[in-house]
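Enquirer: Quick one: the structure is below, questions incoming.
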């Protein structure tokens, strides 16, 4: 996935991994936009999910990485936005398939259930994998209600 920048959004449970992923992506040459959170203090994941989702709906952002404890809450919130196809990715293979078959544009990480190195590898796989199109295109077009 070629992208001018990667946008990060997390709650407190994803903060430590978000920081590590941000630094990793910057070292790899990505321009990173960090929507927060900015500390491990308790926060509400929908605020960060909706900030990213609104930016995607407005065409401001093309690809994002979200993080929360299980990956579920932030994923549910961001998937309320019509331009978002977010996938919870806990392995590199899931990240690869979410891109190839589902054309996911947001990777949601379960920060309490994977280690930081695994998170970095998942993000790299997600960002470097393209959409296969073909029969998958027909299915993607059936997602919006």
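Enquirer: Taking only segment 17-30 into account, find how many residues are more than 18 Å from residue 51 (Cα to Cα), in contact (Cβ under 8 Å) with a residue 24 or more places away in the chain and in contact with a strand residue (DSSP E or B) (Cβ under 9 Å, 6 or more places away or on another chain).
Expert: 4
Enquirer: Quick test for you: out of 116, 78, pick the one residue that is surrounded by 21 or more Cβ atoms within 10 Å (Cβ to Cβ), touching a helix residue (DSSP H, G or I) at 6+ places or on another chain (Cβ under 6 Å) and at pLDDT 95 or above.
Expert: 78
Rundown of residues vs (1) closer than 14 Å to residue 124 by Cβ; (2) at pLDDT 95 or above; (3) in contact with a helix residue (DSSP H, G or I) (Cβ under 9 Å, 6 or more places away or on another chain), yes/no style:
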{"site": "5", "(1), (2), (3)": "no, no, no"}
{"site": "9", "(1), (2), (3)": "no, yes, yes"}
{"site": "23", "(1), (2), (3)": "yes, yes, no"}
{"site": "32", "(1), (2), (3)": "yes, yes, yes"}
{"site": "38", "(1), (2), (3)": "no, yes, yes"}
{"site": "46", "(1), (2), (3)": "no, yes, yes"}
{"site": "52", "(1), (2), (3)": "no, yes, yes"}
{"site": "59", "(1), (2), (3)": "no, yes, no"}
{"site": "68", "(1), (2), (3)": "no, yes, yes"}
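Enquirer: Right, something else. Which residues, counting only those in segment 95-126, are out of contact with any strand residue (DSSP E or B) (no Cβ under 7 Å at 6 or more places or on another chain) and assigned to a helix (DSSP H, G or I)?
Expert: 96, 97, 99, 100, 116, 117, 118, 120, 121, 124, 125
Enquirer: For segment 132-145, name all the residues that are free of Cβ contacts under 8 Å to residues at least 40 places away in the same chain and outside any helix (DSSP H, G or I).
Expert: Once the filter is applied, which keeps residues that are free of Cβ contacts under 8 Å to residues at least 40 places away in the same chain and outside any helix (DSSP H, G or I), segment 132-145 yields 132, 133, 134, 142, 145.
Enquirer: Hey, among the residues in segment 96-113 that are farther than 23 Å from residue 46 by Cβ and free of Cβ contacts under 8 Å to residues at least 40 places away in the same chain, which one's surrounded by the most Cβ atoms within 10 Å (Cβ to Cβ)?
Expert: 103
The values are calculated or read from the model by the stated rules, or taken from the named source; none is laboratory data. None of these values were measured; they are calculated from a predicted model. Glycine gets a Cβ as well: all are built from the backbone with ideal geometry, and neighbour counts include every protein chain shown.
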